[in-house]
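See below for the structure under consideration.
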Amino acid sequence: MDLSTNNPVIMPVVGARFSDFEELRKSIDDWILAEGLSYAVRRVEQRRLILQCRKPDICMFKLTAHPRAEYWQITSYTPHTCPTTTHQKWRVAASSKRLAVHHHGLVASLPNNIQG
């Protein structure tokens, strides 16, 4: 669940459409973090985004997205087949930038004298 908005995080599916690249990446990041998973960017170009597992030698995870005329679309998805330990200590999940965005709603709801 996305704690910043209390909206459920939806797993990306083949055919899912996103208004732009930023919406695509945010959706994927929200889902990956909510599930306790991780990924490595294999390729990002103007015409495609390809993500794979951080351990591609033992895992089949792959997500591919391509831009269409007015949106980005997920065109293929293969789930992770690796052990959950593969995703431990993923720096992106613990980054201050990601934590700030992910927990903004919680901090904003605190009384002013607690926020600092």
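With the structure loaded, tell me whether L99 is of a type outside the set (G, A, S), modelled with pLDDT under 75 and part of a loop (DSSP other than H, G, I, E, B) or whether it fails that test.
Working: of a type outside the set (G, A, S): yes; modelled with pLDDT under 75: yes; part of a loop (DSSP other than H, G, I, E, B): no.
No, not satisfied.
Kindly provide the set of residues from the stretch 26-80 that are in contact (Cβ under 8 Å) with a residue 12 or more places away in the chain, within 14 Å of M11 (Cα to Cα) and basic (K, R), ordered by number.
K62
Please work out if V44 is at pLDDT below 95, assigned to a loop (DSSP other than H, G, I, E, B) and surrounded by 12 or more Cβ atoms within 10 Å (Cβ to Cβ). Walk me through how you get there before you give the answer.
Details: at pLDDT below 95: yes; assigned to a loop (DSSP other than H, G, I, E, B): no; surrounded by 12 or more Cβ atoms within 10 Å (Cβ to Cβ): yes.
Here the answer is no, as V44 does not meet what is asked.
I'd like the full set of residues that are surrounded by fewer than 17 Cβ atoms within 10 Å (Cβ to Cβ) and in contact with a Pro (Cβ under 9 Å, 6 or more places away or on another chain), limited to the stretch 21-30.
F21
The values are calculated or read from the model by the stated rules, or taken from the named source; none is laboratory data. Predicted, not measured: the structure shown is a model, and the values here were computed from it. Please note: Cβ atoms are built from the backbone with ideal geometry, for glycine as well, and neighbour counts cover all protein chains shown.
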